[in-house]
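Report on one structure; see the data block that follows.
Values quoted throughout were computed directly from the atomic coordinates according to the rules given, and no laboratory measurement underlies them. The model shown is predicted, which means the values in this text are computed figures rather than measured ones. Note that each Cβ is placed from the backbone with ideal geometry, even for glycine, and that neighbours are counted across all protein chains shown.
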Ligand SMILES: Cc1cc2nc3c(=O)[nH]c(=O)nc-3n(C[C@H](O)[C@H](O)[C@H](O)COP(=O)(O)OP(=O)(O)OC[C@H]3O[C@@H](n4cnc5c(N)ncnc54)[C@H](O)[C@@H]3O)c2cc1C
Ligand code: SF4
Ligand code: SF4
């Protein structure tokens, strides 16, 4: 192609570029729950354009679930979820020095600083070997984690950056030393990460690296894929999906064509977030709502729900009696079952 | 030019004189900001009535402009619509305190019609629930603030679809029924406003009334295509249809006239389910034709395709190569066409929307392309709506204006099938009075492409297009706000005065969308 026709992918733009098209609002779970334009990425961008302060914009900053659905639909290419993470960080930093902080945040800050001072974990996994960053939810379910490992044939990386992922979510400053230590330990590895938000950031922090979400990693396995059937509703983990939208939309489109299962996508091919929880829910200050999971099931009659994320499993178990299985539970490879007998019960 | 302040309920002097010369620069007719008299008493009255009103930057900043991005105004406060009862209380208080209320759906107007220059901004998108889908009767009852796209999402769960709606995802049902609503199937199914079977309306004095062609027909006739002058649409019953993907075919022309003749030939013969013209300037003219079923497409191939004078993609590329080889001084234009083709074409062929050669969710495909490739913080889209026989002249003259004002632009042309029994709905609307059978609309959309133009430049361009409408006796899809100086020129004093008298009876304090038309 002649050079003059080739255009480099454009860099993300900021809120000043918002044209008010409202496309982001259509996909935003805050909007679905409230029908209040202030609780939308558009409201936030327009608020900033009108000179609103971070404090005045606290409601959407706190309520956002960082699902990332708004990012790929924005025609002005504004990094909306990145903007919200940034505003969370700024709002935390703008608090008066001695103002009371939720215990989770205090404890997380301490953990990050401790990790920043600690020596990097001794390399259990050789450089260049693929590694699994399971995150706290998967670690809390050892049987499922063992299945995942067995299916992927991957070692669990000791430092899976769970503190960093939580800091991103809560808007807590990550000490540079901690971040660099973590990133250095990952350099050269192929990474499979269960946490979509962390994966999204790794894409920025380690641009040349090979990364993959847990969903695509598992669903490329024949043992898993061959067990997906047309009567399944396959629920995509939205953060990883939206964080790498152009690639992922193609990947899942092929998955859908090959298996016939239906996907948790809306008509814009955006992943509907099932378990949508803002800061208050993350801090344990409020219960999550099930509006999204119910909407996903409206008018659909799947025989089974297949989830990539354990948070989604919990959301569906609250709203329906259908069997809800994790993707890893689909893989019933006989050889693997032999090797990891304990995990298959 | 001196603009005179206009008292509510009186007719202001037309800022565009009837004998003005064609093509001269004109001032914008941005309405003056309401001065806020009695606002606090009004706020107290709303509070007593239990109507929540939000004030301040965060609440009002979202509404500073509309999709056009050239008219800026701030409301004093915002009410998010929640029910007809709440809106009724709002309007009753607004009448007695003479506070203007500007209604906003998707805010996709481009002439500032949905921008509040003081007073209350009523955001209808708070009323976005689908109330009932009747799959047997093929109807849906929905709150009117809902975006067409959200309605489509819900209908699709029942394997249904709306009939026709603007190709932009974020226009609302209520906003569209009051304006028109044109889709690439409107040449067959009519405009969105023609789909409405009945409406729930809150009148400017706060009555909640159900209306249709048989129940309160006068109100129905005025509210449909009425630019929000005679009531706020709070719920609508619409016709729907089974969902189908569509087979899309493209034909390319280098002549606007030939393409329009072919479009009108197809429409007149009901040869396709969808039809429209989308251009890159007047160089690459794309006639798109689409079908809901293989049977309809087979009939097209048998009877009509050979009559079309357009080329296929490859044939047109060859034709263009020959054209520009003989005109090397136009190489920049050729490069632009090439670049535009490379950027835009893949949008219409994204694999996730294609199955077995058919396009799914066309409105998403079109709308995303529209916002991505045509959208920007300023959108200037004047248009002309004419009878079928005046259409070619209107487009050719409008095209010459585009060439004069902008380096790059797009034209979008579609037919609108008219329903003779709806003639009373069409009075003083976007449907031109002399149209029979079909009306035709053309949007003239300059590509802003990050360029910086003065508001005067935009306004001069729009005036030049609108002047063509006056000259031809046409109408406009978007009339209101900044171009309201044209209303009298195009419809004449007698008709406008009759509607103004109706408006003053219905809205004694002239509070509802008062700056749009009168
Ligand atoms: C990028 C772009 C693409 C477009 N494409 C198309 C297209 O393909 N086809 C087409 O037909 N149009 C198109 N339009 C025009 C636009 O879609 C129409 O103007 C639209 O239907 C308006 O709907 P809305 O909800 O945005 O109304 P608004 O802009 O919010 O309001 C329109 C008018 O109706 C009034 N109003 C709003 N809601 C109500 C209500 N519930 N009751 C009474 N009055 C109300 C407002 O006060 C205003 O005067 C396009 C516009 C843009 C910017
Ligand atoms: S990240 Fe999700 S919840 Fe947050 S603004 Fe975007 S779409 Fe809404
Ligand atoms: S999608 Fe982007 S440009 Fe459109 S309203 Fe949202 S933030 Fe603004």
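Mean residue ellipticity at 222 nm, helices only, chain A: -13000 deg cm²/dmol; runs of at least 4 DSSP H residues each add -39,500 (n - 2.57), and the sum is divided by the number of residues. Cβ crowding within 10 Å ranks A:300, A:32, B:504 as A:300, B:504, A:32, fewest other Cβ atoms first.
Taking the DSSP beta bridges with both ends in chain B, the antiparallel portion is around 85 percent. By the helix-only formula, in which each DSSP H run with n ≥ 4 contributes -39500 (n - 2.57) and the sum is divided by residues, chain B has a 222 nm mean residue ellipticity of -10000 deg cm²/dmol.
From the Cα gyration tensor of the range A:15-93, with a ≥ b ≥ c the square roots of its eigenvalues, which class applies: rounded if a/c is under 1.5, or else prolate if a/b is larger than b/c, or else oblate?
rounded
Taken residue by residue and averaged, Cβ atoms of other chains lying within 10 Å of the Cβ of B:59-67 number 6. Taking only the C-alpha atoms of the range A:206-345, the Rg (one decimal) and the largest Cα-Cα distance, Dmax (whole number), read 15.6, 45 Å. Taking every DSSP bridge with both residues inside the protein assembly as shown, close to 70 percent are antiparallel.
Computed from the C-beta positions of residue B:302 and residue B:393 and an R0 of 41 Å, the FRET efficiency is 0.80 to the nearest 0.05.
Size descriptors for the range B:247-479 (Cα atoms only): Rg and Dmax, in that order, 18.0, 54 Å.
Relative to the longest principal axis of the Cα atoms of chain B, the long axis of helix B:39-49 lies at roughly 90 degrees. Here the residues B:188, B:349, B:104, ranked from fewest to most Cβ neighbours within 10 Å of their Cβ, fall in the order B:349, B:188, B:104.
Take the Kirkwood radius over Cα pairs of chain B, plug it into Stokes-Einstein at 25 °C and 0.890 mPa s, and you get 104 µm²/s for translational diffusion.
Summarise the partner chain shielding of A:29-36 as one whole number: the mean count of Cβ atoms from other chains within 10 Å of each residue's Cβ.
Partner-chain Cβ atoms within 10 Å, mean over residues of A:29-36: 3.
Summary of the geometry: the range B:216-281 and the range A:183-211, compared by the centres of their Cα atoms, lie 48 Å apart.
Legend: ranking of residues B:438, B:148 from fewest to most surrounding C-beta atoms inside 10 Å; resulting order B:438, B:148.
Between the helical axis of B:331-344 and the longest alpha-carbon principal axis of chain B there is an angle of about 70 degrees.
Does the range B:130-242 come out rounded, prolate or oblate, given a ≥ b ≥ c as the square roots of the eigenvalues of its C-alpha gyration tensor, rounded meaning a/c under 1.5 and, failing that, prolate meaning a/b above b/c? Note, shape of the range B:130-242 comes out prolate.
Going highest first, how would you order B:217-229, B:172-184 by mean Cβ packing within 10 Å? Numbers along the way, then the final one.
On the way: B:217-229: 22.7, B:172-184: 28.5.
Listed from highest to lowest mean packing, they are B:172-184, B:217-229.
Note: the protein assembly as shown, Cα convex hull, 180 Å³ per residue.
With kT/(6 pi eta Rh) evaluated at 10 °C and eta = 1.306 mPa s, and Rh the Kirkwood radius from Cα pairs, the range B:385-476 diffuses with a coefficient of 114 µm²/s according to Stokes-Einstein. Mind jotting down the distance between the C-alpha centroids of the range B:427-463 and the range A:26-46, whole Å? Comparing the Cα centres of the range A:26-46 and the range B:427-463, I get a distance of 31 Å. Between the Cα long axis of helix B:391-405 and the first principal axis of chain B there is an angle of about 90°, rounded to the nearest 10.
Taken as Cα centroids, the range B:93-113 and the range B:295-313 sit 46 Å apart, rounded to the nearest whole angstrom. Semi-axes of the equivalent ellipsoid for the range A:249-307, computed as √(5λ) from the eigenvalues of its C-alpha gyration tensor and ordered from largest down, come to 26, 14, 10 Å.
Rg/Rh for chain A stands at 0.96; both radii use Cα atoms, and Rh follows the Kirkwood definition. Look at the Cα gyration tensor of the range B:27-158: its axes a ≥ b ≥ c give a/c of at least 1.5 with a/b at or below b/c, and that counts as oblate. Mean partner shielding of peptide A:13-22, defined as the number of other chain Cβ atoms within 10 Å of each residue Cβ, is 6. Shape index of the range A:94-245: Rg/Rh, with Rg the Cα radius of gyration and Rh the Kirkwood radius from the inverse mean 1/r over Cα pairs, equals 1.00.
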